[in-house]
1. Say we look at the stretch 208-224 and pick out the residues that are within 21 Å of the chain's Cα centre (by Cα) and either buried (at least 22 other Cβ atoms within 10 Å of the Cβ) or β-branched (Val, Ile, Thr) (or both); which of these is farthest from residue 247 (Cα to Cα)?
2. Away from the ligand (no atom under 13 Å from the Cβ), over 30 Å from residue 46 (Cα atoms) and assigned to a helix (DSSP H, G or I): is that true of residue 135 in this structure?
3. Among helices (runs of 4 or more DSSP H) lying entirely in the stretch 176-292, which contain 1 or more residues that are among the aliphatic types (A, V, I, L, M) and in contact with a strand residue (DSSP E or B) (Cβ under 6 Å, 6 or more places away or on another chain)?
4. Of the numbered conditions (1) of a type in the set (S, T, N, Q); (2) in a helix (DSSP H, G or I); (3) without any contact (Cβ under 8 Å) to a residue 60 or more places away in the chain, residue 163 fails exactly one; give the number of that condition.
5. Restricting to the stretch 246-288, give me the number of residues that are surrounded by fewer than 20 Cβ atoms within 10 Å (Cβ to Cβ) and free of Cβ contacts under 8 Å to residues at least 60 places away in the same chain.
6. Tally up the residues in the stretch 32-59 that are within 20 Å of residue 258 (Cβ to Cβ), without any contact (Cβ under 8 Å) to a residue 24 or more places away in the chain and touching a helix residue (DSSP H, G or I) at 6+ places or on another chain (Cβ under 8 Å), please.
7. Do we have any residue at all in the stretch 175-194 that's among the aromatic types (Phe, Trp, Tyr) and farther than 24 Å from residue 261 by Cα?
8. Quick check on my filter: what residues within the stretch 347-380 are surrounded by fewer than 18 Cβ atoms within 10 Å (Cβ to Cβ) and in a loop (DSSP other than H, G, I, E, B)?
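The values are calculated or read from the model by the stated rules, or taken from the named source; none is laboratory data. Everything quoted here is computed from the prediction, not taken from an experiment. Counting neighbours? That spans all protein chains shown, and the Cβs are built from the backbone with ideal geometry, glycine included.
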Amino acid sequence: LDAVRAVEPRIAQAITDELAAQRASLKLIASENYASPATLLAMGNWFSDKYAEGTVGRRFYAGCEQVDTVESIAAEHARALFGADHAYVQPHSGIDANLVAFWAVLAQRVEAPALRRAQARHVNDLGEADWAALRRELGDQRMLGMSLDAGGHLTHGFRPNISGKMFDQRSYGTDPETGLLDYAALRATAREFRPLILVGGYSAYPRRVDFAKLREIADEVGATLLVDMAHFAGLVAGKVLTGDFDPVPHAHIVTTTTHKSLRGPRGGMVLCGDELAEHVDRGCPMVLGGPLPHVMAAKAVALAEARTADFRDYAQRIVDNAVALADGLLRRGVRLVTGGTDNHIVLLDVSGHGLTGRQAEAALLEAGIVTNRNAIPQDPNGAWYTSGIRIGTPALTTRGLGTEEMDRIAGLITTVLTGTQPGTSKARYDLDPAVAATVAGDAAELLAPHPL
Ligand code: PLP
């Protein structure tokens, strides 16, 4: 840090402050974690300076021998960990991984000469006429994904993301009574809509998904099943989600981030069978810039960690903790979407406390509890203010907190929710500063035996 301080002291200070903030607060954001020192350190080195467009052994740059080693080892660990035929570890993020996968499926499934021409060239060399031809060829392909308010992700065909512009999209949702995925309705929509790609996976659904059933539906309508396991990859890696709940044996193609429950560096990955491998490997330069070799090195380290017995134990504790947290909240009268959890996510409906998600999120933060607001099914407050709070246990489980502490955290969350009054707008609220200070003190006490 001294070297950073010598150049730009404000950045050194921000790094120190971030560590202090992460140490001091109850980090309950479901998509966050604490990567190991080995993973973090594998990123801070001279691999950062290397260009390596292409794939292992077929680079557009000289001097990539060490990058080849790093990328091969990361892919080897990913294949072994998830039991996949092929692993592509270059995507820089989850969005990138999905984009690589979408293009791979299009290339495999759609008879599209303009796409083939585009793939044979560097993306920078494509002219207006090439893009126009591509739009004509690909414009009416269909994608069916989980709706945003049921817990789906923007990249599953929604307007603010390129997927919503590339594909004609339709959504499936959850049963309004139970909040659970409605497979019969999903099947009916798939039969009628006949998507090219059926997307499984979610960002805010607190239950397991039956991927065997999704594959059955995909096969029935001739769709490619793409599962985005960004959120629950750690639970798959740790063998908590197995059989019908493990997407890898059932999906044609699987995408993931590496930094959520999987506890690696920020990044993405694509897993697939041999029939899609060649198309997936064209991710760079089709939609990705040069790979980030320092991040691939860190992915290799984190994937090696995820193959250990310790990680299996960790994955089980993530779910045990989420169940304890959900039980503690239910006992204290908090309403949960689907009435509980069987993964790492607990989704609170705070409308019963007279609050919007935005108000609850800010009040909890004031009391040292970091969460994020989230839409709930049929949310009357929309995606900005919302009526929900999403919490997750991967980060605090990494810190070593267990089920007893989760019950106490449920108590702290309930104290804040019941102590917060809605204000004059959907963003304003009133929380007695003494209550916030007491909860923050209790949170610090809970964290003290588990230093970061
Ligand atoms: N897919 C899912 C299911 C996610 O939840 C997320 C992140 O929130 C992403 C993809 C995107 O990941 P990234 O932020 O790394 O692009």
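1. Once the filter is applied, the top-ranked residue is 224.
2. Working: away from the ligand (no atom under 13 Å from the Cβ): yes; over 30 Å from residue 46 (Cα atoms): yes; assigned to a helix (DSSP H, G or I): yes.
Judged against the criteria, residue 135 is a match.
3. On the way: elements: 183-193, 211-221, 233-237, 274-280, 283-286.
The qualifying helices (runs of 4 or more DSSP H) are 183-193, 211-221, 233-237, 274-280.
4. (3)
5. Looking only at that region, the number is 1.
6. Just the residues of the stretch 32-59 that are within 20 Å of residue 258 (Cβ to Cβ), to begin with: 32-45, 47-48, 50, 52, 55-56.
In the following step, the residues that additionally are without any contact (Cβ under 8 Å) to a residue 24 or more places away in the chain were identified as 37, 41, 56.
Next cut, touching a helix residue (DSSP H, G or I) at 6+ places or on another chain (Cβ under 8 Å) only: 56.
Qualifying residue count for the region: 1.
7. Yes - at least one qualifying residue is present in the stretch 175-194.
8. 354, 378, 380
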